[in-house]
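The values are calculated or read from the model by the stated rules, or taken from the named source; none is laboratory data. Predicted, not measured: the structure shown is a model, and the values here were computed from it. SASA here: full protein model, heavy atoms, side chains in, ligands and nucleic acids out. Shrake-Rupley method; radii C 1.70, N 1.55, O 1.52, S 1.80 Å.
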Amino acid sequence: MRHVFRLHRGDDLRGGIEKYVREHGVASGAALACVGCVSAWRVRAAGGKAICEGPGPCEIVSLTGTVSVNGCHLHIALAREDLSAFGGHLTEGCIVDTTAEIVLEELPAVRFSREFDAETGYRELVIERRSGEDPQR
């Protein structure tokens, strides 16, 4: 099932996606597309500790990741007015400016959950097969 929705000026991008996923009971899915603009951005750097933030406006040029009622893991790429691009792990604090148009694809063959992984120090994705279906489909 495909989910298409829009967030509005002032909405938190990550919070809005998580709220939509909870309200629609998405057990497993992937972010297919997200276009729009943010008035402020906040992302976690690749090292997993540093949070970087700043003002917009910035265009959302990509958003990808996994979504589930059990947790979302989303990465974002943004472009400044000078067209320089940057990105990282989407955290709360990316505030929608004009709009954010989002497309999620639900993955009915699997169910996502998250469990703490002592090696990484994070709650990592666990994929469960549903109804004997092939999770690679």
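Annotation: amide H-H contacts under 5 Å for Ser62 (H modelled 1.01 Å from N, sequence separation of 5 or more, or interchain): Ala77. Among Asp117, Asp97, Asp11, determine the one that fluctuates most according to a GNM of the chain built with springs between C-alpha atoms less than 10 Å apart. Among Asp117, Asp97, Asp11, the largest GNM mean-square fluctuation belongs to Asp117.
Within the assembled protein chains, the solvent-accessible surface assigned to Leu78 is about 0 Å², based on a 1.4 Å probe. Translational diffusion coefficient of the range 1-76 (Stokes-Einstein, Kirkwood radius from Cα pairs, 37 °C, 0.692 mPa s): 247 µm²/s. From helices alone, the chain scores -2500 deg cm²/dmol at 222 nm; the rule is -39500 (n - 2.57) for each run of n ≥ 4 DSSP H residues, then divide by the residue total.
Taking the square root of 5 times each eigenvalue of the Cα gyration tensor, what semi-axes in Å does the equivalent ellipsoid of the chain have, largest first? Mind dumping the intermediate values first?
Working: eigenvalues 141, 65, 28 Å².
Over the Cα atoms of the chain, the ellipsoid semi-axes are 27, 18, 12 Å.
Pairs of alpha-carbon atoms within less than 8 angstrom and 6+ residues apart define the contacts here; what relative contact order does the chain have, in percent?
Working: 345 pairs, mean separation 44.1, N = 137.
It rounds to 32 percent for the chain.
Comparing Arg42, Arg114, Arg14 in a Gaussian network model of the chain, where Cα atoms under 10 Å apart are tied by springs, the biggest mean-square fluctuation is seen for Arg114. Build a GNM of the chain with springs between Cα atoms under 10 Å apart, and of Glu106, Glu92, Glu115 the one that fluctuates most is Glu115.
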